[in-house]
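The values are calculated or read from the model by the stated rules, or taken from the named source; none is laboratory data. Please read all numbers here as calculations on a predicted model, not as lab measurements. Every residue, glycine among them, receives a Cβ derived from its backbone with ideal geometry; neighbour counts consider all protein chains shown. Quick note on the areas: whole protein, heavy atoms, side chains included, nothing else; ligands and nucleic acids left out. Shrake-Rupley method; radii C 1.70, N 1.55, O 1.52, S 1.80 Å.
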Amino acid sequence: MKEATIAAIATAPGEAGVGIVRISGEESLRILGEIFLPQRGRKIESEDNRRMVFGRVVDPNSLELVDEALAVYMVAPQTYTREDVVEIQCHGGVVAVKKVLHLCLQSGAELAGPGEFTKRAFLNGRFDLSQAEAVMELISAKTNASYQNSLKQLSGHLSAQVSGIRRNLLEVLANITVAIDFPENEAEAITVQRMKGFLESARTEVERLLSTAETGRILRDGVKTVILGKPNVGKSSLMNALLRENRAIVTEVPGTTRDTLEEYVNLHGVPLRLIDTAGIRETEDRIEKIGVERAVDWVERADLLVAVFDKSRQLEEEDHRVLALLSERKSIILLNKSDLKEIISREMMVKEVPNAMIIETSMATQQGLETFENAIKDLFFHGGVDLQHETVISNVRHKNLLQKTSASIGEALQAIEAGMPVDCFEVDVKDAWQSLGEISGDSVTEDVLDQVFSEFCIGK
Ligand code: GDP
């Protein structure tokens, strides 16, 4: 079946210098020819492949001018989708690009679905599924570290490792076939030992990849950090101090200012997702209560709790409630306002929470902030992530499939240990091979593909 020609706006919506409409498919050049009049008067078809041409976008029915634009066509297969691709660079903003897109649709293109350009690139063999997913991660990367990781995945690091493991499993499957076809006992004993070796090394590789998944999650989502403390200890000042130098992006402020706020901060490459809460306190105020409930809710889901105390005031009931929340959690205690008269000493705090990490800070003088930032880095990345050499699993789908692979290999190894005949564990090895194939997209159903690409944005 002939694939439809698709079109979409490829740039983000909003006021901008340029907006790009992208078309992909066999009809691309025809559509461009209908709606675009090159300034030089030559037909666009007679221009060179990949040459940028200046001209006017016009409505083919009324010949009404829609915008001035640059257009380029790229002939398959050296294009993003491996199909003929056209890109029209018109003025940005919300109106011009939409009008140009509308003309493309009017001339026969279909509106592209989410991720459809990238899906076609995958289906046409430009890259494997994990690389297609890396495109999405690259676009949504919030820090240099996650950007670097997705770039590595895009260039095929994960694909290479996955196919290496798959080769090992294929070797095992070939051995199983031989053992079934030629069931002489002696030969089988040797073969089973070989298979065990292949399976063990495959499992080691899978486990090694899995061990990076926590780092990957943090790279992707950020360290969910909740700042706790009674009113006036300096939580907002801390948040501002962190944001002043490291603000990455600001998310919408939901509800009121007393609700939880969320901001991304980039701490030497470690993304922190800072959640500023209304503080832990009981209140009759309904709005405030929402904030407090959120705070408690967030504490449960946080990766890191930062508890702030005022060093110049006695510990109160509310401080003890905060301390109680810290038990068994990754947390850092800040003894703030260290520039003022000391009432709570470090030693007193150690008595309260013997194993806690305690840092004295002053938001007034910025004292202790660097120590605090380094402490977070150590806590989560043990000083740093070696993204140069390590492939980090940052995609939940990949993590789940690797877990399935590991479990299937485990089953096969158990069967070997139990001295079961080879045909008993053939299915487990096939399952493992299959699960890995879902990462690369070699063995993947249409449903999974739809699911993966539905998370993309339109125009990508
Ligand atoms: P929050 O209610 O916990 O968010 O506390 P704020 O950050 O709003 O701080 C409350 C007050 O304490 C403000 O007037 C701050 O300027 C002040 N403050 C915060 N941190 C320090 C500090 O380290 N030293 C001094 N002297 N004042 C501070």
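Descriptive notes on the structure:
- Any hit, the stretch 61-82, residues being buried (at least 18 other Cβ atoms within 10 Å of the Cβ), farther than 20 Å from Phe117 by Cβ and not β-branched (Val, Ile, Thr): yes
- Residue that is nearest to the chain's Cα centre (by Cα) [pool: residues in the stretch 332-376 that are within 15 Å of the ligand (Cβ to nearest atom) and among the small types (Gly, Ala, Ser)]: Gly368
- When the stretch 98-108 is filtered for residues that are open to solvent by 10 Å² or more (accessible area, probe 1.4 Å) and at negative phi, the ones remaining, listed by number, are Lys98, Lys99, Leu101, His102, Leu105, Gln106, Ser107.
- Residues of the stretch 198-224 that turn out to be under 18 Å from Asn168 (Cβ atoms) and open to solvent by less than 40 Å² (accessible area, probe 1.4 Å), as a count: 5
- Residues that are within 16 Å of Val172 (Cβ to Cβ) and over 33 Å from the mean Cα position of the chain (by Cα), drawn from the stretch 414-443: Gln414, Ala415, Ile416, Glu417, Met420, Pro421, Val422, Asp423, Cys424, Phe425, Glu426
Conditions tested, residue by residue: (1) farther than 14 Å from Val100 by Cβ; (2) not in a strand (DSSP E or B).
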{"residue": "Thr11", "(1), (2)": "no, yes"}
{"residue": "Gly14", "(1), (2)": "yes, yes"}
{"residue": "Gly19", "(1), (2)": "no, no"}
{"residue": "Gly55", "(1), (2)": "no, no"}
{"residue": "Ser62", "(1), (2)": "yes, yes"}
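- The criterion of being modelled with pLDDT under 85 and assigned to a helix (DSSP H, G or I) does not hold for Ile218.
- Selection status of Glu245, farther than 19 Å from Val306 by Cβ, among the charged types (D, E, K, R), away from the ligand (no atom under 16 Å from the Cβ) and at pLDDT below 80: no
- Among the residues examined, Ser362 qualifies as under 21 Å from Arg244 (Cα atoms) and either hydroxyl-bearing (Ser, Thr, Tyr) or assigned by TED's automatic domain parsing to the domain that holds Asn144 (or both).
- For Met195, the conditions (1) modelled with pLDDT under 95; (2) open to solvent by less than 20 Å² (accessible area, probe 1.4 Å); (3) in contact with a strand residue (DSSP E or B) (Cβ under 9 Å, 6 or more places away or on another chain) all hold with the exception of (3).
- Filtered residues of the stretch 21-41 (kept if in a helix (DSSP H, G or I), in contact with a strand residue (DSSP E or B) (Cβ under 6 Å, 6 or more places away or on another chain) and open to solvent by 60 Å² or more (accessible area, probe 1.4 Å)): none
- Candidate set: the stretch 321-341, residues that are part of a loop (DSSP other than H, G, I, E, B) and at pLDDT 90 or above; chosen: the one least open to solvent (accessible area, probe 1.4 Å): Ser338
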